[in-house]
Amino acid sequence: MRPAPGEVLHFSEDPTITRFEPHVAATARQPEAYVWAVDAARAPDYWFPRQCPRALAWRVEATTPSDRAWLGSARVHAIEYGWLSAVRSARLFAYRFPAAFFRPFGAHAHAMVATEAVSPLGPPEPVGDLLTLHEEAGIELRVLPNLWAFVDAASASSLGFSGIRLGNARSRPSELQP
């Protein structure tokens with residue numbers, strides 16, 4: 001499930017939204033209100049239930065040979081065992097928007113934002129089986145007892161990295177405490 005050319009997507013477990021109003025996200029680090037969406041490259045970051053903590057790593061041009069070997073696959077998403085059932089049973093929907101209403105957000109353009117209310121191009125589309133999406137996209141999904149060793153290794157590497165909803169992850173094991 002990716003946007004078509006000229007579109008961006010918003011993923012939600014709520015299939016009843018008819019208009020998206022800018023808001024300040026609960027996890028926001030900035031005070032501005034936005035409508036959030038993603039482009040095709042970042043869509044897989046959101047093939048999860050909203051509250052599911054996940055760590056994402058992928059090869060980039062500057063990735064070193066040793067980091068390529070450590071990662072193993074071109075792109076890896078990691079979740080905790082405690083979230084596997086939710087990933088399997090989630091009913092996720094994708095809302096399509098014209099990309100022209102959005103602009104890149106963040107230093108690495110990890111999201112797209114609009115500052116005005118926007119209406120979807122049509123009704124939301126069921127995303128389908130999230131594990132199958134990962135498989136078909138060639139994204140390795142790792143299920144771990146705890147995310148923090150993966151987060152620490154990936155974020156300190158030459159890989160592309162993103163952590164989403166990490167506040168919902170299990171506590172950092174004592175041997176990984178800073």
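The values are calculated or read from the model by the stated rules, or taken from the named source; none is laboratory data. All of these numbers come straight from a predicted model, not from anything done at the bench. Note that each Cβ is placed from the backbone with ideal geometry, even for glycine, and that neighbours are counted across all protein chains shown.
Assorted remarks:
- Filter result for residue 128 (surrounded by 12 or more Cβ atoms within 10 Å (Cβ to Cβ) and assigned to a loop (DSSP other than H, G, I, E, B)): yes
- Of the candidates 4, 55, 37, the single residue that is touching a residue at least 40 places away in the same chain (Cβ under 8 Å), among the hydrophobic types (A, V, I, L, M, F, W, C), surrounded by fewer than 12 Cβ atoms within 10 Å (Cβ to Cβ) and closer than 20 Å to residue 133 by Cβ is 4.
This table checks each residue for (1) in contact with a Phe, Trp or Tyr (Cβ under 8 Å, 6 or more places away or on another chain); (2) modelled with pLDDT under 95.
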site	(1), (2)
8	yes, no
13	yes, no
26	no, yes
31	no, yes
40	no, yes
57	yes, no
65	no, no
80	no, no
87	yes, no
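- Residues of segment 16-31 that are closer than 21 Å to residue 98 by Cα and among the charged types (D, E, K, R): 19, 21.
- Strands (runs of 3 or more DSSP E) wholly inside segment 6-89 containing at least 2 residues that are at negative phi and in contact with a His (Cβ under 7 Å, 6 or more places away or on another chain): 35-37, 54-58
- Unique match (being free of Cβ contacts under 8 Å to residues at least 40 places away in the same chain and either assigned to a strand (DSSP E or B) or surrounded by 16 or more Cβ atoms within 10 Å (Cβ to Cβ) (or both)) among 149, 153: 149
- Residue 158 falls short on exactly one of the conditions (1) under 22 Å from residue 88 (Cβ atoms); (2) more than 15 Å from the chain's Cα centre (by Cα); (3) among the polar types (S, T, N, Q); (4) surrounded by 12 or more Cβ atoms within 10 Å (Cβ to Cβ), and that condition is (1).
- One residue from 66, 89 being of a type in the set (Ser, Thr, Tyr) and within 16 Å of residue 141 (Cβ to Cβ): 89
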